[in-house]
Amino acid sequence: MFRLRLKEELEFLRRSNLYRYLRNREEDILDFSSNDYLCLSKHPEVIEGVKEGLRYGLGATGSRLTSGNINHEVLEERLAEFKETERALVYTTGYSTNLGVISALCKQGDLILSDRLNHASIIDGCRLSRADVEIYDHCSIESLVNILEEKGKGYNNIFIVTDGVFSMDGDIAPLKDIKKVADEYNSVVIVDDAHGTGVLGGGKGTLKHFNLKPSDNIIQIGTLSKAFGGLGGFVCGIEELIEYLINTSRSFIYSTALPPPVVSGVLKSLELIEEGGLTRKLQGKIRSANKVFRSYGLIERDSLTPIYPIILGERTMEISEYLLKNKIFAPGIRYPSVPRGLERIRVSINVGHKEEDFERLSRLLAIFSL
Ligand SMILES: Cc1ncc(COP(=O)(O)O)c(C=O)c1O
């Protein structure tokens, strides 16, 4: 009988040091793996919100178009206000938001320009679309303009897609310049602010960080699974964009809506983010981490975000295991999540960390950079 040759492929991954496996999360560990930047996933008010939402039941029991809204529209109104756009639409994950938005909007006869280091969900959204896709060099306006000049003629629509804050590097897309290029070349910017929301611009994200006003040719995507501490994704933009997505975006239409308790929980997260104190606290922690990591030679430049790539190359996984034995969880990241040769430990800090935590991590990591 025919058998897929999976064992051989798995063996190949093992030999190439690319084998992935799941581990249990330990309780008494210093955790630098989480994207819960504001520690909202366990915040008492958020937990109360979740309990309030339970009166609607555990699950949404169907897609919004077939089973209707429960508390989803309240969240969408609040997200639109927060991002200062006409409307918002919530999806079940950030991943399905990128997939659903990009594949619905970008069609045959369109061109997508995508940053080389964009998140996998953007890459997959581009693949699902029927548009032509060109990759520009990471954060390079020169590369973006060169491609537009050389290959940007004759298309119906042009989209420039970028992470706001890059998930594996923690750097920020030059959004102000990207917007200028978009205006010049009559194109639309799609910015995935998964790691910028709650972190930059007083919590409002990368647009606010650059003092950019939302406009008709900017589509903002976000996730409720990182700084919000919950689950879900959203897109914000003009009225007809949201109506169009409700009518055509397959990952929105053909998937069960977010569980109502999650919606109520992230509504509380949103209130807490809007107060601004948690984002200010996070910025203080980033300053403290910058100081400590720099003093140990782990970073060359200060970060503006809570993501620190400590590039260690081939020894990355071994060093991550060593940290784990010392009760520190800082995950090793390998190809294809990052380019070959740039394997790294992705250190992600949050408002719960203390300066001594950064010291403890740095002391252990410094052994390997000697
Ligand atoms: C930049 C970026 N976009 C989208 C996603 C997907 O979001 P979610 O985890 O909510 O599916 C992630 C998460 O890994 C991300 O880093």
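The values are calculated or read from the model by the stated rules, or taken from the named source; none is laboratory data. All of these numbers come straight from a predicted model, not from anything done at the bench. Here the Cβ is made from the backbone with ideal geometry for all residues, glycine too, and neighbour counts use every protein chain on show. For accessibility, only protein heavy atoms count, side chains too; no ligands or nucleic acids. Shrake-Rupley method; radii C 1.70, N 1.55, O 1.52, S 1.80 Å.
Of the listed requirements (1) within 16 Å of the ligand (Cβ to nearest atom); (2) not aliphatic (A, V, I, L, M); (3) not in a loop (DSSP other than H, G, I, E, B), LYS176 misses just one: (1).
Mind listing whichever residues of region 62-86 are in contact (Cβ under 8 Å) with a residue 60 or more places away in the chain and assigned to a helix (DSSP H, G or I)? Listed by number, the residues that qualify are ARG64, LEU65, SER67, HIS72, VAL74, LEU75, GLU76, ARG78, LEU79, ALA80, PHE82, LYS83.
Listed by first and then second residue, the pairs with beta-carbon distance under 7 Å, at least 6 apart or on different chains, first residue in region 270-292 and open to solvent by 90 Å² or more (accessible area, probe 1.4 Å), second at pLDDT 95 or above, are LYS281/VAL351. Any chance region 16-28 includes a residue that's open to solvent by less than 50 Å² (accessible area, probe 1.4 Å), of a type outside the set (Phe, Trp, Tyr), touching a Lys or Arg at 6+ places or on another chain (Cβ under 8 Å) and over 20 Å from LYS226 (Cα atoms)? Within region 16-28, one or more residues are open to solvent by less than 50 Å² (accessible area, probe 1.4 Å), of a type outside the set (Phe, Trp, Tyr), touching a Lys or Arg at 6+ places or on another chain (Cβ under 8 Å) and over 20 Å from LYS226 (Cα atoms). Can you tell me which residue within region 90-106, out of those that are within 10 Å of the ligand (Cβ to nearest atom) and among the polar types (S, T, N, Q), is nearest to LYS153 (Cα to Cα)? In this case the residue turns out to be ASN98. Among the residues making up region 330-350, those that are among the aliphatic types (A, V, I, L, M) and either open to solvent by 10 Å² or more (accessible area, probe 1.4 Å) or without any contact (Cβ under 8 Å) to a residue 24 or more places away in the chain (or both) are ILE333, LEU342. Looking across region 107-143 at every residue that is in contact with a Leu (Cβ under 7 Å, 6 or more places away or on another chain) and among the charged types (D, E, K, R), the one that is farthest from the ligand (Cβ to nearest atom) is identified as ASP132.
Can you name the residue in region 202-226 that is assigned to a strand (DSSP E or B) and of a type in the set (Val, Ile, Thr) and is also surrounded by the most Cβ atoms within 10 Å (Cβ to Cβ) among such residues? Show your work before the answer.
If we filter region 202-226 for residues that are assigned to a strand (DSSP E or B), which is where we start, we get 218-223.
Subsequent filtering for residues that are of a type in the set (Val, Ile, Thr) retains 218-219, 221, 223.
Working: ILE218: 22, ILE219: 23, ILE221: 28, THR223: 26.
Per the criteria, the residue is ILE221.
Counting residues in region 189-201 that are farther than 27 Å from LEU40 by Cα, more than 12 Å from the ligand (Cβ to nearest atom) and either touching a helix residue (DSSP H, G or I) at 6+ places or on another chain (Cβ under 8 Å) or not in a strand (DSSP E or B) (or both) gives one or more.
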